[in-house]
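Following: one structure in structure tokens, then a few remarks.
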Amino acid sequence: MKSIYLNSKNVFIDTVNSKDYIQLDRVSIIYQSLKNSIQKPLKMILLYGKPGTGKSMFLTKLHNDLSPSQNIYLYKTPILDESEFYKLLAQDIFETKYSGELNFTQFIKIVNSKKLESIPVVLLDEAQLYSQALMEKIRLLSDTRTIKFVITLHKTQKEDLIAKEHFKTRIWETIELKNSSKTELKIYIQKKLMKANCFDTANIFTEKTVHKIHKLTRGNYRDTNKLLYTLFDLFLSYEERNRFDKIPTNKIPTKYIEMAAIQTGLIDA
Amino acid sequence: MLNIPDLEKRWLHYKIKSFLPYIITLIFTFLIITIYSFFDTSNSKKIIKIKETKNTPAVTKEKKKIIIQKSLQKKPLQKTINSSEKHTLKLSPSMSFIKTIQRDKAIEKRPVKYKKTKLKPIQKVEIELKPIHKKQVPTITIMRQNTSKDIQNILHRFKEDKNPALSLFLAKNYYELGDYKKASNYALITNQLNKKIEDSWLIFAKSLVKMGKKEKAIQLLQEYISKSHSTNAAILLDNIKSGEFQ
Ligand SMILES: Nc1ncnc2c1ncn2[C@@H]1O[C@H](COP(=O)(O)OP(=O)(O)O)[C@@H](O)[C@H]1O
Ligand SMILES: [Mg+2]
């Protein structure tokens, strides 16, 4: 018989897939406002937050939802080379293949020569990895209002402030994604498990357990995924060593959460 | 499969470590209490005597404090009344001024009071300092500052995804941290992944100079410029040759 913990463990593999998206109140509000913003004649939308707050998930979901009705393109990994970047956009949006180098002026010419029915939306993940020069060109491009950009930016604490100041002075809309609260984290964990039909394991996440997890991960989704993946791995390991007495049935002892945290490096021991 | 015995051992270690401060403080307070109670029983009589003699002046001082506070509270009231008087009786001699001088003199005569009145403005200065600290924060953080956690994160991701954007990020960060060996290493890796990324050439050359391999850097840049006609590389080459960049 396959262990029930195996399914639960796989629920917390750190991947970004739009079908795994979980509706959380705060995130849903932001999501709605972002969807509205895209319809507005705003030039650019900046989504920023610490790693693991769900930025990539957000973009993926947005792309998935809007692609049937809108010209929308998602670039998950950054394209460093400027010419490469223009060529890709030319090909994807304007169906223009270009061999050899393509520079900014040439690209603008292509943009202006093609008349599209609606303004295409380009989603760029991990914009902090693009060069300053290319970011400036992207800004110029959005100023022409021929392409709308939604970009995500991972900012560390110190950079947060600069990011805000820098982007506020321009007419860009900025949206910040944050770590989850305790209540949200509980919903996140339980919904995720229930989506995969792991009802039994969903039930063992009591208030106290979630409190402990939140204390360790500060509500960061990625850290929570890692922690819970390891926690179920721990149960599986006990199971394989036939130590069934060690496996909880109705609640999770703090010890196991701490052990998983040590294993994932959330606790330094 | 996790290494359960090892993990359990580490957990035990962690538990002991996290309880250690509590145990130490507990032992410490216990020790202090026992020592204190030992002295307390032997010297209790003396302590009481000292306390008795010390108690009386403390009380009188407190009384004085109250008197000062009362006189200080009256002061502003009188001032406001006088100022309104001035408006009605135009040229009356300002008696309040004389009064305040007299009072000030009286205060000066009693040094204890003087000190007390001075304490308040000092506290105000401390409060005013805080906003200055706050204002300084944005001016300090002008440049991008990535923590070592960011680097660890990108390192980890680069292992899984050989994206030149990631290796270039590492090269730049190591360069900024002054780890020129790692910077040049990651610049080279970036370059192997994509020859066209100019920054990888520039960082590689700059790292070489920093490691004392100026000639090699010049040679490399010349080679790159001949292929790419990059102005940024030309500027860097000039700066290296002139010694402006060291
Ligand atoms: N709303 C959500 N629903 C389901 N999973 C989410 C949600 N938000 C974040 N996650 C999960 O958290 C992890 C980190 O999210 P990710 O989008 O990669 O963060 P970021 O891009 O901000 O670093 C991913 O594995 C993702 O599956
Ligand atoms: Mg991401």
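Derivation of every value follows stated rules applied to the coordinates shown; laboratory data play no part. Values in this document were obtained by computation on a predicted structure and should not be read as measured data. Ideal geometry is used to build each Cβ from the backbone, glycine not excepted, and the neighbour counts take in all protein chains shown.
Can you order the peptides A:22-33, A:214-225 by their average number of other Cβ atoms within 10 Å per residue, highest first?
Peptide ranking by packing, descending: A:214-225, A:22-33.
Is the shape of region B:179-246 rounded, prolate or oblate, going by the alpha carbon gyration tensor and its root eigenvalues a ≥ b ≥ c, with a/c under 1.5 for rounded and a/b larger than b/c for prolate?
It is oblate, given that a/c is not under 1.5 and a/b is not larger than b/c.
Take each of the peptides B:4-10, B:214-220, average the number of other beta-carbon atoms within 10 Å over its residues, and list them starting from the highest.
Details: B:4-10: 14.0, B:214-220: 16.1.
Order by mean packing, descending: B:214-220, B:4-10.
Name the residues whose placed amide hydrogens come within less than 5 Å of the amide hydrogen of A:Leu74, ignoring near sequence neighbours (fewer than 5 apart) on the same chain.
Distant-sequence amide H within range of A:Leu74: A:Leu123.
Please compute the average number of Cβ atoms from other chains found within 10 Å of each residue's Cβ in peptide A:125-133.
Average neighbour count from other chains, rounded to a whole number: 3.
Using a 10 Å cut-off on Cβ to Cβ distances, tally the other chain neighbours for every residue of A:257-269 and report the average as a whole number.
Mean partner-chain Cβ count within 10 Å for A:257-269: 4.
If you project the alpha carbons of region A:52-106 onto their three principal axes, what span does each projection cover, largest first, in Å?
Here the Cα extents, ordered largest to smallest, are 37, 28, 16 Å.
Could you give the angle, 0 to 90 degrees to the nearest 10, between helix A:104-113's Cα long axis and the longest principal axis of the Cα atoms of chain A?
Taking the Cα atoms of chain A, the angle to A:104-113 is about 80 degrees.
I need the trypsin sites (Lys or Arg not before Pro) found in region A:118-149, filtered to DSSP loop residues with at most 15 other beta carbons within 10 Å of theirs.
Numbers: sites: A:Lys137, A:Arg139, A:Arg145, A:Lys148; in loops: A:Arg145.
Of the trypsin sites (Lys or Arg not before Pro), the ones in loops of region A:118-149 whose Cβ has at most 15 other Cβ atoms within 10 Å are A:Arg145.
Output the 0 to 90 degree angle, nearest 10, between the alpha-carbon long axis of helix A:221-240 and the longest principal axis computed from the alpha carbons of chain A.
In chain A, helix A:221-240 runs at an angle near 40 degrees to the longest axis.
Let me have the 222 nm mean residue ellipticity of chain A computed from DSSP H runs of 4+ only, each contributing -39500 (n - 2.57), with the sum over all residues rounded to the nearest 500.
Rounded to the nearest 500, it is -16500 deg cm²/dmol.
Could you state the angle between the C-alpha long axis of helix A:254-264 and the longest principal axis of the C-alpha atoms of chain A, as a value from 0 to 90 degrees rounded to the nearest 10?
40
Taking the Cα atoms of region A:5-117 alone, what are Rg (to one decimal) and Dmax (as a whole number) in Å?
17.5, 57
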